[in-house]
1. Can you tell me which residues in region 115-146 are within 17 Å of residue 183 (Cα to Cα), more than 16 Å from the chain's Cα centre (by Cα) and crowded, with 18+ Cβ neighbours inside 10 Å?
2. Pick from region 244-272 the residues that are surrounded by fewer than 16 Cβ atoms within 10 Å (Cβ to Cβ) and in a strand (DSSP E or B): which of them is farthest from the chain's Cα centre (by Cα)?
3. Checking residue 159 against (1) assigned to a strand (DSSP E or B); (2) more than 21 Å from the chain's Cα centre (by Cα); (3) at pLDDT 90 or above: exactly one of these is not met. Which one?
4. Under the condition of being without any contact (Cβ under 8 Å) to a residue 60 or more places away in the chain and surrounded by fewer than 21 Cβ atoms within 10 Å (Cβ to Cβ), which residue from region 360-388 is farthest from residue 106 (Cα to Cα)?
5. Is it true that some residue in region 169-178 is buried (at least 22 other Cβ atoms within 10 Å of the Cβ) and either out of contact with any strand residue (DSSP E or B) (no Cβ under 6 Å at 6 or more places or on another chain) or at pLDDT 85 or above (or both)?
6. Answer yes or no: is there a residue in region 106-123 that is at pLDDT 80 or above and out of contact with any strand residue (DSSP E or B) (no Cβ under 9 Å at 6 or more places or on another chain).
7. On the basis of being outside the structural domain of residue 39 (by TED's automatic domain parsing) and either in contact with a helix residue (DSSP H, G or I) (Cβ under 7 Å, 6 or more places away or on another chain) or in a loop (DSSP other than H, G, I, E, B) (or both), does residue 282 make the cut?
8. Please verify whether residue 327 is outside any strand (DSSP E or B), under 30 Å from residue 123 (Cβ atoms) and over 16 Å from the mean Cα position of the chain (by Cα), treating the condition exactly as stated.
């Protein structure tokens with residue numbers, strides 16, 4: 001196991017971490033942690049990490065805090081709750097179905113949104129200002145994706161088309177430009193449901209309502225493979241390329257997560273607790289973990305080196321979006337009731353909680369001041385600042 005403070009590998013039999021002194025065997029918590037327990041855990045972890053960093057730099061640790069005065073017998077202790085600071089902006093005023101997808105640029109300066117009125121819009125990731133709207137589809141936008149190297153922006157639609165834009169052109173604010181490529185889904189596929197760019201080569205993956213995966217060369221617009229990857233018969237909900245390897249993960253309404261080797265086009269099923277529709281999946285930044293959320297509200301992580309699954313929590317409502325923080329320490333999920341949970345990636349303890357007015361459809365993480373960007377069913381994009 002790894003220490004949650006200094007992230008050093010530690011034997012499971014130890015009580016304390018020999019590097020930073022973090023107590024690995026605290027008092028067990030039964031059921032869902034209370035707000036006081038979560039705040040206490042976060043505060044202790046922060047103090048331990050600060051002391052560990054000072055020790056590494058040769059600075060003496062701070063003296064222990066003075067004991068607090070006990071409260072009166074009938075007086076409740078006052079807990080200072082972090083304020084959920086947010087600002088929101090209406091993205092599509094006429095849209096009744098809301099924001100379907102979000103993507104963030106590789107430098108985390110721009111956020112792209114897709115909505116069910118068929119538009120793709122760019123936003124400044126820091127101050128949430130509108131940078132322009134682009135139209136290419138007749139149907140609603142089901143997915144947007146950004147090339148990890150910052151060259152391309154893709155959008156998929158329920159009308160069966162995929163538009164690929166040069167990121168440098170749309171970043172200049174030219175809203176009247178046409179896409180570099182407009183791709184048509186193969187015969188028999190009526191909807192393009194999910195998009196993902198590979199981190200190596202020029203592969204763009206798209207999914208359809210039959211559960212098939214289609215591979216394209218996004219530099220030329222030509223199909224990358226003559227045959228679709230057929231791994232399921234149910235609707236495909238999410239595709240995502242690994243950030244570190246030639247691997248593609250897919251999930252759908254059949255409750256199965258598959259990983260694909262892009263070189264051999266062979267698939268592997270991940271065995272886990274999901275037996276219902278899986279709505280979202282995400283790779284950790286280092287590519288070692290894969291997280292998923294589904295209709296039953298369960299959030300699960302897979303260790304991709306061993307294939308072992310680790311259930312983290314079950315919030316109850318359907319988990320509709322999931323994403324890791326840029327450093328991989330946090331796992332963030334949103335549900336259909338509008339709740340957004342920020343959890344410790346290793347142990348699943350809830351650290352922060354936000355509430356949107358309507359259900360969450362999509363999430364991205366922006367590194368600027370630890371910001372989460374969410375798109376909801378009412379057409380709002382909201383920026384949430386995680387308290388430091």
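The values are calculated or read from the model by the stated rules, or taken from the named source; none is laboratory data. Here the structure is a predicted model, which means the values were calculated and not measured. Virtual Cβ from ideal backbone geometry, glycine too; neighbours counted across all protein chains shown.
1. Answer for region 115-146, where residues must be within 17 Å of residue 183 (Cα to Cα), more than 16 Å from the chain's Cα centre (by Cα) and crowded, with 18+ Cβ neighbours inside 10 Å: 118, 119, 120, 134, 136, 137, 140, 141, 142.
2. 266
3. Single failed check for residue 159: (1).
4. Among residues in region 360-388 that are without any contact (Cβ under 8 Å) to a residue 60 or more places away in the chain and surrounded by fewer than 21 Cβ atoms within 10 Å (Cβ to Cβ), the one farthest from residue 106 (Cα to Cα) is 388.
5. For region 169-178, residues buried (at least 22 other Cβ atoms within 10 Å of the Cβ) and either out of contact with any strand residue (DSSP E or B) (no Cβ under 6 Å at 6 or more places or on another chain) or at pLDDT 85 or above (or both): absent.
6. Yes; the residues of region 106-123 include at least one that is at pLDDT 80 or above and out of contact with any strand residue (DSSP E or B) (no Cβ under 9 Å at 6 or more places or on another chain).
7. Answer is no for this residue.
8. No, not satisfied.
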